Amino acid sequence: MKYIDEYRDKKLVEKLQAQIKTASTKQVTLMEVCGGHTWAIQKFGIPSLLPDNIRLVSGPGCPVCVTSRSYIDRAVAMSRLKDVIITTYGDLMRVPGSTSTLMLEKSKGADVRMVYSVLDALKIAQELPSKNVIFLGIGFETTAPASAAGIINAQREKINNFFVLSSHKIMHPAMAALIEEGVAINGYIAPGHVSVITGAKIYSGIPEKYGVGCVISGFEPVDILQSVLMLVRQIEKNDCKVEIQYKRVVNYEGNVKAQELMHEVFTLRDDWWRGLGTLPCSGLGISSKYSSFDAEQMFDVQVEPTREDKGCICGLILKGLKKPTDCKLFGTACTTANPVGACMVSHEGACNAYFRFSK
Amino acid sequence: MENTILLGHGSGGRLTHELIKELFVTHFDNPLLHEQGDSAILPGCNEAMAYTTDSYVVDPIFFPGGNIGKLAICGTVNDLAVSGAQPLYLSAGFIIEEGFPFDDLKKIVITMAGEAQKAGVRIVTGDTKVVNKGQCDKIFINTAGLGFLPEKFRDITSGKRVCAGDRIIINGTIADHGMAVMAVRNFASFTTDIISDCAPLNSLIKSVLDAGIDVKFMRDATRGGLATVLCELAESHNMSVHIYEEAVPINENVRGMCELLGFDPFYVANEGKVVMVVADNDAERALAVIKQNEFGKQAAIIGEINELHNGKAVLNTVVGGSRIIDMLAGEQLPRIC
């Protein structure tokens, strides 16, 4: 397939493998921040292609995984309201809340629908004016502009039964926080899709302040291996900086139009991240100008007290301090069929990827 | 937490297997059920009989490449055929929602008659129930099938003769049915030319068996996709199943849609695909025979049985890496980004 097969070329992969081996003399830990990278790395068996001195750890960039239980609990509570339709990206349906999941609520009769785009949710709202359609807005800068566009469209079309429950977050504060917390990372394989929107500029503080390089990577095997090579070369030369490997879609400034949409609809707020706790100015709340579309403002629900599972080390895994196999629940109490922690739910979650591809 | 039936219990993956094992097989306990093949093998007077049943609830009921009636015939015929049996008789039970258009029912029934004729089976008994509007989704069909199983093919369904060195063959491209249905069900906004692979495989399978090829295991890769069959094969006899990703045939349009939506084609449903394990020295000949059949033009040898990872199915990825193939946990849900 054009534009894909070129980046899965076995000969190129072998060449990169050899170059990495030659270039790399030190023991290094590289973190792939984005869940899409975690998935691709496991899917193509990338770890089996790297020398032993290069360790890849998974970071906090799976939107499902870092979302708080209380958010799921709130969505579950809203799904129980009369005349409410919850619309969501698929993965979120299986994420455990304190005592339920959206999928379980669906099996009990709640109207929970999987959508591929916020525009699908908008269409449902348009077609069913007697229902309140709540879209679960999760994800980083990748999905936030789409949610913003959904709200702006709703306003323009005067669709007043459409709401967004925002758990949108922005990526780079978490990357800084991990280093602040003392997680030993020698380089970041920085997120590709997020960077299409934000541009490479948002990472400039990380090499400057912490001496950790960032290479923005694509999602195919050749992309990832080339990014590893670029980071290894930075580390070997002690020359940490922001570089773009994923040049075919990422530039320094990013998608300015999408950034403007986000700024128009959202305001920065402190937000809670699984494993990292509350990070200042890391979440996107809906600004007061658009509060009539903010599900949090418009639906007063009783949310059950948050209950975290004992023994789940998702937090430590998201910080790259532990591997999924270090968790005593991994593969026993926590499996892809019966996930305990969010990292086991999403295909992008480190535990899920480990369980499926390398257990 | 799960004290209700979830959609994942019907996905054909891990939850389905647990439900079957822990509830149905436990309570319906008997030795014939324990074999857990695509058909039950019943002792007969001269020849054993193979007996199978399946229910069809596809949505939408008409899709590119077929309809619910075609599925109901082909699915049951294939379950018999992959057991090594010659399919002969089918039953057909209909549950129809009040208000269902008569013309649609007629179309479905005519399709069923045509497919039955093609497959050389007769529909010899049936049942019809009509339920109140909203109590079923348009139409559900159950078919059961019966066929004779020659003694020499008795062990195909269990796969107990499979051993290291055997080769794995599939009769064509994967994931066509699942993506064809998905495209019309969920993505009215974009058009594809993906067509379901729904087809009766009994003539193809008969040609292989008639050629005297040593077939040691067969299963049709339906719900749960190719991956689930490979896992079942690996787990049931603690065998090491090795697959070469680049050898697995897949249509470009299907691959593109899977890439776009974040689906793994290994887990997407097929309705006209059989996975065969044959003795090493018969593999090339089997491939040639399969390729002569209209439903085997794109057949390929996709892997082998070895002794490297017993109990596991391992995929050699296109770039030379390796990873485990596991059974699907719930439903395959698309990724977020």
Close pairs from segment B:247-272: first closer than 17 Å to residue A:7 by Cα and of a type in the set (D, E, K, R), partner modelled with pLDDT under 95 and surrounded by fewer than 17 Cβ atoms within 10 Å (Cβ to Cβ), Cβ under 8 Å, at least 6 apart: B:252/A:1; B:255/A:1; B:259/A:1; B:259/A:4
In segment A:114-132, the residues that are over 17 Å from residue B:190 (Cβ atoms) and over 21 Å from the mean Cα position of the chain (by Cα): A:122, A:124, A:125, A:126, A:127, A:128, A:129, A:130, A:131, A:132
Residues of segment A:13-36 classified as within 11 Å of chain B (Cβ to nearest Cβ) and either basic (Lys, Arg) or in contact (Cβ under 8 Å) with a residue 40 or more places away in the chain (or both), total: 6
Matching helices (runs of 4 or more DSSP H) fully within segment B:225-337 where at least 2 residues are open to solvent by 10 Å² or more (accessible area, probe 1.4 Å) and within 14 Å of chain A (Cβ to nearest Cβ): B:252-261
Matching residues in segment A:115-160 - criterion: being on the phi > 0 side of the Ramachandran plot and either at pLDDT 95 or above or not assigned by TED's automatic domain parsing to the domain that holds residue A:35 (or both): A:158
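Matching residues to (1) open to solvent by 10 Å² or more (accessible area, probe 1.4 Å); (2) at pLDDT 90 or above; (3) within 25 Å of residue A:147 (Cα to Cα):
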site: A:14; (1), (2), (3): yes, yes, no
site: A:26; (1), (2), (3): yes, yes, no
site: A:33; (1), (2), (3): no, no, yes
site: A:44; (1), (2), (3): no, yes, no
site: A:49; (1), (2), (3): yes, yes, no
site: A:56; (1), (2), (3): yes, no, no
site: A:63; (1), (2), (3): no, no, yes
site: A:83; (1), (2), (3): yes, yes, yes
site: A:89; (1), (2), (3): yes, no, yes
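To keep it simple, each residue is scored yes or no on (1) part of a loop (DSSP other than H, G, I, E, B); (2) of a type in the set (Phe, Trp, Tyr).
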{"site": "B:99", "(1), (2)": "yes, no"}
{"site": "B:129", "(1), (2)": "no, no"}
{"site": "B:140", "(1), (2)": "no, yes"}
{"site": "B:152", "(1), (2)": "no, no"}
{"site": "B:169", "(1), (2)": "no, no"}
Segment B:231-244 residues that are in the same structural domain as residue B:300 (by TED's automatic domain parsing) and on the phi < 0 side of the Ramachandran plot, paired with ones that are hydroxyl-bearing (Ser, Thr, Tyr) and assigned to a strand (DSSP E or B) (beta carbon under 8 Å, 6 or more apart): B:234/B:240
Extreme residue, farthest from residue A:80 (Cα to Cα), among residues of segment A:303-329 that are within 14 Å of chain B (Cβ to nearest Cβ) and not in a loop (DSSP other than H, G, I, E, B): A:325
Residues located in segment A:167-222, provided they are surrounded by fewer than 21 Cβ atoms within 10 Å (Cβ to Cβ) and either among the polar types (S, T, N, Q) or not assigned by TED's automatic domain parsing to the domain that holds residue A:141 (or both): A:186, A:204
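The values are calculated or read from the model by the stated rules, or taken from the named source; none is laboratory data. Only a predicted model underlies this, so the values are computations on that prediction, with no experimental measurement involved. Here the Cβ is made from the backbone with ideal geometry for all residues, glycine too, and neighbour counts use every protein chain on show. Quick note on the areas: whole protein, heavy atoms, side chains included, nothing else; ligands and nucleic acids left out. Shrake-Rupley method; radii C 1.70, N 1.55, O 1.52, S 1.80 Å.
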